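Trainee: Structure provided below as structure tokens; questions to follow.
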Amino acid sequence: MTRFRPFIVLILLGWFLLDQVGIASSEPYRPTDNAQVLERLSFKVSDPIARELETLRTALRQDPRHIESAVTLATRYIEQGRTEGDPRFLGQAQAILAPWWNEPTPPPAVLLLRATIRQNAHEFDQALADLDELLDRQPTNAQAWLTKAAILQVQARYDEARRACQRLARLAAPHILLGCLSDLAGVTGQAAKGRELLRQVLLESIISGRERIWIATILAETAARTGALREAEQSFSDAFKVGVKDQYLLGAYGDFLLDQRRYQDVISLLEFETRADGLLLRLTLAEQALELSTFQTHTAELAARFAAARKRGTTVHVREEARFTLTLQQDAHRALALAQTNWAVQREPADARILLESALELRNRTAAQPVLDWLNRNHVEDFRLRQLAKQIQEATF
Amino acid sequence: MRILLVILWLLPSLPASAHKPSDSYLSLAVQNDRIEGQWDIALRDLADAIGLDSDGDGQLTWGEVRNKHEEIRAYALSHLALSADQQTCSTQMLEQLIDHHTDGAYSVLRFRSNCNGPIERLVVDYRLLFDIDAQHKGLLRLTQGGQTSTAIFSRESPAQEFSLAKRSLWTESRQFIHEGIWHIWLGFDHVLFLLALLLPAVLVRVDGHWQAAGNFSSVCWNVVSIVTAFTVAHSLTLSLAVLDIVRLPSRLVESTIAASVVLAGLGNLYPMVASRRWMVAFGFGLIHGFGFAAVLIDLGLPQDSLLLSLVSFNIGVELGQLAIVAAFLPLAYLIRHSWSYPRLVLTGGSLAVIAIALVWFTERAFNLQLFPV
């Protein structure tokens, strides 16, 4: 028994010390300390944004149908949602627009916002219907054309998307038109030309802020897909230099780093970005590759989040869920099913990739066929997708 | 240094809370003429609805939430209407706690609704937060007897009706027997305790070391005495707890159960008088019974057929137990002569049981989650 004494002392000391630490339990509890912080909000009362929102909210409480206040407030909510990557703001924007939401033909400003909210919810057909309705009445609404082009591109309707882009010709600054067209270039066999145009835009124009990030990110992704890694790195760097936090940029650069196996760089980039599911996914993939201890916790966290989303019936993260299921849960069957469900809604290179990767894992050529057709029909320039396509064809020959 | 390393290894890392759309979690347990409810509402949502940040510093403290408990109660209950067979049920708040979900801290409201008369058709009218967040959803979990159903409330479908089928006594009894079997099979701590006590049953202690037991009837008698003692003890306390005659705090019960498994394992490594093992089974069986009671109460017991559900559950536990013993005993008896049994199976198995139970004890006594299991 004496042999065990130091061991027992060690354990008791450990338990004693652990008892001092208050860690989150898995059961409802009553906190003991009035000063314990339970939640952090987006704003302090003194923040200028908070004051602006409060003024608008007060105006709306008195008159919910005051359209200027409603449109301004809803726009602010959507912007805040984009900055924080938090979908709650979209629901709040939708609530502000409640007096008009179910009308078939609400005022144009409301139509545009409704289309944006629906686009974010991946209700693409409804969003397009709203945009068409809006453009019927306001054919010179540049934002509407741009949003329409973006949705059509996601749906792989490239000719229609190009026509929508071309309508921007006299309605917006030239770089907007070029950005719109160049985004299509990489998936329609014109990557070189697209990159050339974007390079010039970045060099010559004095564009800044989110627009610069947008242009630089398109160039970076197109370059990455055609194997021009140095140009991609440079363009990503250009985008980051703008200094405005952009969730899409973080995700795109994260994927770029993962593809080059620069896992430590992914960790540095995303280690504090665990609130957004997509960014946590990329972080966890890097942790898996480096076999870090936090990998287990993060995988469990992601599983819980996807389960919560499934429980409430929200399906905007199916692409991420498919990636998670394939790489972190190693369940290729379920991943393929998710990837196919996703492909029915959106058809960007990232969606093609997860479907091909799952299909390759299962040697299932039939499942991959729609993507293979899409690759060939549109002359998509993405060397990784081409590689995957070749591997599938060889494996199932 | 080793202590620090042990502690750091055991501390789980907490990821920051997620971004997700707004949900609330509503759990209703129907018991004949009343409903026991628990409603988890996000503090962020309550802050948007009624304002919780009294000092405006962008942080919600427990003190600020507590000060607004009355307003939270009024806001929540005015947006949830329960009625049974056209009669409104009157709801009263019992307590408010805190819990954490993937996207942050929630206020947990526990309440009770009285609906004069047995509930056959329940209508739930849910209106929380839709005026502030059009994409908010209320996720409902409805339990009655042993059965659970789920539903989702949204702005598009705020009021839903649930038919609570007339239960036949036999179906209900069968349901609880099934739950009993299932819960002893899932109750690894109970199973490990039993197995730890049964591992040496096929051996006898002679001159300070283990030897295979002589005949089957002595082994059988040994096993029967242990299992019967365990059964009688946990049936006794299960009944006492369910009938609300004795109540023990769950943290104490769960920790003691874990401790009992450790001691059962230790008892195999430092054997005392072998014939006394049925007393250990009886003594700790009393505590295990409280553990079962917690599970059974969670299932939601129908007050009008309480005794039937209790007896059925108990029978289920015994059947499940019997199955485990029947699976284990013949195997152990057959290999009792082998070299490996006292060393690998008994000693190795007991060490493994002790290790696992120590983790449980730490998790339960200090309210931690060390492993996802």
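The values are calculated or read from the model by the stated rules, or taken from the named source; none is laboratory data. What you see is a predicted model, and the numbers here were worked out from it, not measured in a lab. Cβ coordinates were reconstructed from backbone atoms using ideal geometry, including for glycine residues, and neighbour counts include every protein chain displayed. Note: areas computed on protein heavy atoms with side chains; ligands, DNA, RNA excluded. Shrake-Rupley method; radii C 1.70, N 1.55, O 1.52, S 1.80 Å.
Trainee: Kindly list the number of the only condition in (1) open to solvent by 40 Å² or more (accessible area, probe 1.4 Å); (2) within 14 Å of another protein chain (Cβ to nearest Cβ); (3) over 24 Å from A:Gln155 (Cβ atoms) that fails for A:His298.
Mentor: Going through the list (1) open to solvent by 40 Å² or more (accessible area, probe 1.4 Å); (2) within 14 Å of another protein chain (Cβ to nearest Cβ); (3) over 24 Å from A:Gln155 (Cβ atoms), A:His298 breaks only (1).
Trainee: Right, next: Filter region B:104-140 down to residues that are within 10 Å of chain A (Cβ to nearest Cβ), charged (D, E, K, R) and open to solvent by 10 Å² or more (accessible area, probe 1.4 Å), then give me how many there are.
Mentor: Qualifying residue count for the region: 3.
Trainee: Spot the failing condition for A:Gly81; the list is (1) in contact (Cβ under 8 Å) with a residue 12 or more places away in the chain; (2) closer than 26 Å to B:Glu64 by Cβ; (3) open to solvent by 80 Å² or more (accessible area, probe 1.4 Å), and only one is missed.
Mentor: (3)
Trainee: Could we say that A:Arg334 is in contact with a helix residue (DSSP H, G or I) (Cβ under 9 Å, 6 or more places away or on another chain), open to solvent by 20 Å² or more (accessible area, probe 1.4 Å), at pLDDT 95 or above and within 25 Å of A:Asp183 (Cα to Cα) here?
Mentor: No.
Trainee: Taking the criterion of being surrounded by 21 or more Cβ atoms within 10 Å (Cβ to Cβ) and outside any helix (DSSP H, G or I), would at least one residue in region B:165-177 satisfy it?
Mentor: So far as region B:165-177 goes, no, none of its residues is surrounded by 21 or more Cβ atoms within 10 Å (Cβ to Cβ) and outside any helix (DSSP H, G or I).
Trainee: While we're looking at this one, here's another question. Right, B:Leu344: in contact (Cβ under 8 Å) with a residue 60 or more places away in the chain and surrounded by fewer than 17 Cβ atoms within 10 Å (Cβ to Cβ) or not?
Mentor: It is false that B:Leu344 is in contact (Cβ under 8 Å) with a residue 60 or more places away in the chain and surrounded by fewer than 17 Cβ atoms within 10 Å (Cβ to Cβ).
Trainee: Residues in region B:94-101: is at least one open to solvent by 10 Å² or more (accessible area, probe 1.4 Å), touching a residue at least 60 places away in the same chain (Cβ under 8 Å) and over 29 Å from B:Glu161 (Cβ atoms)?
Mentor: Yes: region B:94-101 contains one or more residues that are open to solvent by 10 Å² or more (accessible area, probe 1.4 Å), touching a residue at least 60 places away in the same chain (Cβ under 8 Å) and over 29 Å from B:Glu161 (Cβ atoms).
Trainee: Tell me which helices (runs of 4 or more DSSP H) are completely within region A:179-282 and hold 2 or more residues being among the aromatic types (Phe, Trp, Tyr), or say none if there are none.
Mentor: A:229-241, A:247-259
Trainee: Counting only residues that are away from chain B (no Cβ under 11 Å), give me the helices (runs of 4 or more DSSP H) lying completely in region A:48-103 with at least 2 of them.
Mentor: Correct list: A:48-62, A:67-84, A:98-101.
Trainee: Out of the residues in region B:55-92 meeting the condition of being within 23 Å of A:Glu54 (Cβ to Cβ) and more than 10 Å from chain A (Cβ to nearest Cβ), tell me which one is least open to solvent (accessible area, probe 1.4 Å).
Mentor: Ranking the candidates gives B:Ile72 first.
Trainee: Looking at region A:48-63 only, could you name the residues that are more than 27 Å from the chain's Cα centre (by Cα) and either surrounded by 14 or more Cβ atoms within 10 Å (Cβ to Cβ) or touching a residue at least 12 places away in the same chain (Cβ under 8 Å) (or both)?
Mentor: A:Glu52, A:Leu56, A:Arg57, A:Ala59, A:Leu60
Trainee: Can you name every residue in region B:86-119 that is hydroxyl-bearing (Ser, Thr, Tyr) and in contact with a His (Cβ under 9 Å, 6 or more places away or on another chain)?
Mentor: B:Tyr106, B:Ser107
Trainee: Return a yes/no flag: does region A:136-156 have any residue that is open to solvent by 10 Å² or more (accessible area, probe 1.4 Å), over 20 Å from the mean Cα position of the chain (by Cα) and over 15 Å from A:Leu112 (Cβ atoms).
Mentor: No, region A:136-156 has no match at all.
Trainee: Could you please find all residues in region B:223-263 being assigned to a helix (DSSP H, G or I) and free of Cβ contacts under 8 Å to residues at least 40 places away in the same chain? Before the answer, list the steps.
Mentor: Residues of region B:223-263 that are assigned to a helix (DSSP H, G or I), as a first pass: B:223-242, B:250-263.
Within region B:223-263, B:Val224, B:Leu252, B:Thr256, B:Leu263 qualify.
Trainee: I'm checking my understanding of the structure. Among residues of region A:125-173 that are assigned to a helix (DSSP H, G or I) and small (Gly, Ala, Ser), which one is farthest from A:Pro106 (Cα to Cα)?
Mentor: So the residue we want is A:Ala161.
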